[in-house]
There are 2 protein chains.
Amino acid sequence: MTTTVPVVENILGANERLAQTNRARLDETRTFTVNFMASPGAGKTSLILRTVAALKDRYRLAGVDGDVATTIDADRMAAAGIPAVQINTGGSCHLDAVMLQGALPQIALEDTDVLVIENVGNLICPANFPLGAHLNILIASVPEGADKPYKYPNMYRGVQAVILNKTDLLPYFDFDMDYFRRGVEALNPGLAFFPLSAKTGEGFDAWLSWLTSQADAYLTP
Amino acid sequence: MTTTVPVVENILGANERLAQTNRARLDETRTFTVNFMASPGAGKTSLILRTVAALKDRYRLAGVDGDVATTIDADRMAAAGIPAVQINTGGSCHLDAVMLQGALPQIALEDTDVLVIENVGNLICPANFPLGAHLNILIASVPEGADKPYKYPNMYRGVQAVILNKTDLLPYFDFDMDYFRRGVEALNPGLAFFPLSAKTGEGFDAWLSWLTSQADAYLTP
């Protein structure tokens, strides 16, 4: 198995170069691209749908949805009126830059201000495969427990914001918020943090305000 | 990237052979081995701790705990009085047969009736890396949502039982039990299914009864 290490390094190196190519392509058309990552069941799709519903009168939106199987999530995005491309990874546990490169020609980038990417539900592997997005967002959720920054540190290191979803469930869980925050802060000091509920909408305004400020700074330089 | 496919196939083939070697070693000492897999936050550790607490007067137990970082889970197992070996995967998203092979010499297998393995929290990759265990158990949980069998089919195909944990939270979630069950049944017909709460203990007796019947059938042939 030791012989696999250089192979993995080559793959990661190739992915890194292709991520830069993707970024250059997205910058050509000034398409602000946001990559959402989370564990299965953290509420990625619900959070994205509520976010695009709030933004769709302000920006021209499109979506890319990665999944191991099925088109459930892309279908939900399309039903919300957002043009969505499904990447079926065929068993692979993350999106990578090659997959995104293959999807980009299917998106009308010239007519897209903000591109939303929903990564495969996985709290480990996506951290190793940057796609070229301008923002990487990690969605944690209350039911997962407060120890996740300690147990999955790489995912917390490489992102520009952490959302803690499902705060409406805090009364039913022993979720130690201080422990969670300390873990995040140790890995990624000063990281933007948005506790919210995509179901009830509590805390959602602060998240939207931050996201639009990031998008506007990119789109109207 | 196309050149990576044969490499992956070689790795999987090598893993398969080593899993058989592990199984032979476990059978030499008649150590019934159970591999628990789940998404991050499904409650693997809590469920395992409640299970070993119920079984420790009946069997001689030991544990192996896989994690990307930290020894939080192995420490909890050891605190419960079960000798536990931590496998720190150093970023890898699953246990594999090589890692288990390396851990087995650290366990007093001759004095162990039941070996409990807690895999890395991941709903995709562990399905591709059998370890040589006698039972593979998938722990789903109510907060993850009922669509997970459809979205992560490989994990549901390769197991001998599915536990649906955190049933005490059903009142707070729109969890479509029929949809979940139909998904599981399509992938793995007749699969043993245990809805339960590792927190309150509801449903736990049926799971323990099934598990001990499996262990006894192996240990007292």
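When residues of the stretch A:174-221 are filtered for being surrounded by fewer than 16 Cβ atoms within 10 Å (Cβ to Cβ), charged (D, E, K, R) and outside any helix (DSSP H, G or I), how many remain?
The qualifying residues number 3.
Do we find that residue B:90 is assigned to a loop (DSSP other than H, G, I, E, B) and under 28 Å from residue B:27 (Cα atoms) in this structure? Let's see the steps before the verdict.
Details: assigned to a loop (DSSP other than H, G, I, E, B): yes; under 28 Å from residue B:27 (Cα atoms): no.
No, not satisfied.
Per-residue answers, yes or no, for (1) modelled with pLDDT of 90 or more; (2) closer than 27 Å to residue B:92 by Cα; (3) loosely packed, with under 15 Cβ neighbours inside 10 Å; (4) acidic (Asp, Glu):
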position: A:3; (1), (2), (3), (4): no, yes, yes, no
position: A:9; (1), (2), (3), (4): no, yes, yes, yes
position: A:33; (1), (2), (3), (4): yes, no, no, no
position: A:37; (1), (2), (3), (4): yes, yes, no, no
position: A:77; (1), (2), (3), (4): no, no, no, no
position: A:84; (1), (2), (3), (4): yes, no, no, no
position: A:95; (1), (2), (3), (4): yes, yes, no, no
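Just wondering, is there one or more residues in the stretch A:125-139 that are of a type in the set (Val, Ile, Thr), surrounded by fewer than 24 Cβ atoms within 10 Å (Cβ to Cβ) and within 14 Å of another protein chain (Cβ to nearest Cβ)? Quick ask: steps written out before the conclusion?
Residues of the stretch A:125-139 that are of a type in the set (Val, Ile, Thr), as a first pass: A:137, A:139.
Still in the running and surrounded by fewer than 24 Cβ atoms within 10 Å (Cβ to Cβ): none.
No, the conditions are met nowhere in the stretch A:125-139.
State all residues of the stretch B:95-145 that are within 23 Å of residue A:142 (Cβ to Cβ), among the aliphatic types (A, V, I, L, M) and touching a strand residue (DSSP E or B) at 6+ places or on another chain (Cβ under 8 Å); if no residue qualifies, say none.
Matches in the stretch B:95-145: B:120, B:123, B:138, B:139, B:140, B:142.
Take the residues in the stretch B:98-124 that are in a loop (DSSP other than H, G, I, E, B) and of a type in the set (A, V, I, L, M); name whichever of them is farthest from the other protein chains (Cβ to nearest Cβ).
The first filter runs over the stretch B:98-124 and keeps only residues in a loop (DSSP other than H, G, I, E, B), leaving B:107-108, B:112-113, B:119-124.
Now restrict to residues that are of a type in the set (A, V, I, L, M): B:107-108, B:120, B:123-124.
Details: B:107: 21, B:108: 26, B:120: 7, B:123: 5, B:124: 4 Å.
Among those residues, the one meeting the criterion is B:108.
Need the failing condition index for residue A:71 against (1) of a type outside the set (Lys, Arg); (2) more than 10 Å from chain B (Cβ to nearest Cβ); (3) touching a Leu at 6+ places or on another chain (Cβ under 9 Å), just the number.
For residue A:71, the failing item is (3).
Is it true that residue A:151 is out of contact with any Cys (no Cβ under 7 Å at 6 or more places or on another chain), free of Cβ contacts under 8 Å to residues at least 60 places away in the same chain and of a type in the set (Lys, Arg)?
Details: out of contact with any Cys (no Cβ under 7 Å at 6 or more places or on another chain): yes; free of Cβ contacts under 8 Å to residues at least 60 places away in the same chain: yes; of a type in the set (Lys, Arg): yes.
Yes.
Which one of these is modelled with pLDDT of 90 or more and in contact with a His (Cβ under 6 Å, 6 or more places away or on another chain): B:130, B:126, B:143? It would help to see each step written out before you state the result.
Details: B:130 fails: in contact with a His (Cβ under 6 Å, 6 or more places away or on another chain); B:143 fails: in contact with a His (Cβ under 6 Å, 6 or more places away or on another chain).
From the options B:130, B:126, B:143, the qualifying one is B:126.
Determine which single condition residue A:160 fails, assuming it passes every other condition in (1) surrounded by 21 or more Cβ atoms within 10 Å (Cβ to Cβ); (2) farther than 24 Å from residue B:174 by Cα; (3) polar (S, T, N, Q).
(1)
The values are calculated or read from the model by the stated rules, or taken from the named source; none is laboratory data. Just so we're clear, the structure is a prediction, and the values are computed from it rather than from any experiment. Note that each Cβ is placed from the backbone with ideal geometry, even for glycine, and that neighbours are counted across all protein chains shown.
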